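The values are calculated or read from the model by the stated rules, or taken from the named source; none is laboratory data. Note that the coordinates shown come from a computational prediction; the quantities given were computed from them, not determined experimentally. Please note: Cβ atoms are built from the backbone with ideal geometry, for glycine as well, and neighbour counts cover all protein chains shown. Heads up: the accessible areas ignore ligands, DNA and RNA and are worked out on the full protein's heavy atoms, side chains in. Shrake-Rupley method; radii C 1.70, N 1.55, O 1.52, S 1.80 Å.
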Amino acid sequence: MNKYIKIVIAALLIIAGLYLMIFTRSLGWGIVVFLLAALPIFLFFKNEYILLAFWQLRKQNMQKAASYLTGITNYQSQLHKSQYGYFHYLQGLTLAQDHPTKVEPLMKKALEYGLNMKHDRAMATLNLAVGAISKGRRQEGQKLLEEAKRLDTAGMMTDQIKMMKDQLKMPTMQKHMHNPNMRQRGKF
């Protein structure tokens, strides 16, 4: 649903509540309808699909969260500007296990649009570090890991950050792996 339709619904509910309170003298019903107008206003700033996707992510149900995100067909017309980053962030989290190559651009967009919570920014930065390390960009990955560690003030991702730092300390397989059969290739 377009975000501006929600504002129109809220305005109509406010008008109906005022009508009930003033003209029909139904003060109780007018207050109830007036308070119901808060729901579309809340959903203007916090999209229902994103709230449902967050709920499913808490339950570790990635497929259901991804299905809720597909309900957002045009994020610019359906979401408030403050939620653009979270839309891309949630898409990246749902794709992380199945399609890890698609996560990096989504997390970059999420950080570009902005994430309100520090731990969300830390998780997005950690995902970018994983992508950089997997593509062989070790220095960039190291910088991103340090930034993720700085953003993780609650200490929720210390294990993952430590694991990635340990992985950075390991030598790259391409430089140090020697196949004895490859040396013998010219002799056959």
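At most 12 other Cβ atoms within 10 Å and a DSSP loop assignment: could you name the chymotrypsin sites (Phe, Trp or Tyr not before Pro) in region 14-87 that fit?
Those satisfying the criteria are Phe23.
In the context of the full set of protein chains, residues of the chain present 67 Å² of accessible surface per residue (probe radius 1.4 Å, heavy atoms only).
In whole angstrom, the chain maps to an equivalent ellipsoid with semi-axes of 51, 16, 12, each derived as √(5λ) from the alpha carbon gyration tensor and ordered largest first.
For trypsin sites (Lys or Arg not before Pro), no site in region 68-121 is both called loop by DSSP and has at most 14 other Cβ atoms within 10 Å. Relative to the dominant Cα principal axis of the chain, helix 103-113 is inclined by about 50°.
Given R₀ = 30 Å, what would the calculated FRET efficiency be for Arg25 paired with Ser77, taking r from the Cβ atoms and rounding to 0.05? The calculated FRET efficiency here is 0.15.
The stretch between Glu48 and Asn2, if pulled fully straight at 0.36 nm per residue, gains 15.4 nm over its current Cα-Cα span.
Across region 36-142, the convex hull enclosing all Cα atoms gives 105 Å³ per residue. The accessible surface of the chain, taken with every protein chain in place and a 1.4 Å probe, is 62 percent carbon and sulfur.
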